[in-house]
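Taking it in order: structure first as C-alpha cells, then the write-up.
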Amino acid sequence: MSEPVNHSTMQVAKGVRSTVNQDGAVLLDIDQGLCFSLNPVGTRIWEMLKGERSRDEIVDALAEEFGLPRAQLLQDVSDFLRQLQQMKLAREETSLPEGGVAEKHIAEKQGIFSRFLGRRRSA
C-alpha cells in the first residue's frame, strides 16, 4: 500500500494587504501593525503565492522567466518563503487527498515536528 501524498503550499496570511508598483510591493500586516517592502523579484514571488501556486510552480516560472539554474532558485525561493512565514506574512497549508481523520492528524504532527527540528522535507 502506498503512502498518501502530502502537498504543502504557502498561503498569504489573512491580515496582509499589498500594493504593487513598478519598483516592487509594499505589504501591510494589519494584525501586527507592520509594513514591509519587496523588490521586483520578491513581488513576482508574492503575486504567484497569492495565486496559490506551489513552491515548485514558482521556481519553474522564475527559471523560465530569468533563465537561472533551478537548483539555485529552489534554494532562494525556499529561503524567501521561510522568511515570509517567520514574519507571519504567510503560513503553510497542507492539503491531503481524501482520507481519514487519522491520516490528516499524522501529517499535521509530522509538519509540526519538522518545523521544531528545523528539517526540510525533500521534494
Note to self: I need a count of the residues in region 48-60 that are farther than 12 Å from Phe80 by Cα and surrounded by 13 or more Cβ atoms within 10 Å (Cβ to Cβ).
What the structure shows: 7
Item checked: Residues within region 13-47 that are β-branched (Val, Ile, Thr) and crowded, with 17+ Cβ neighbours inside 10 Å, tallied -> 3
Next item on the list: Could you please give the count of residues in region 70-91 that are surrounded by 14 or more Cβ atoms within 10 Å (Cβ to Cβ), of a type in the set (D, E, K, R) and within 8 Å of the chain's Cα centre (by Cα)?
Entry: 1
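Quick note: the coordinates plus some simple rules give every number you see, no bench work behind them. Since the structure is predicted, the reported quantities are computational estimates derived from the model, not experimental observations. Quick reminder, even Gly has a Cβ in these numbers, built from the backbone with ideal geometry, and neighbours come from all protein chains shown.
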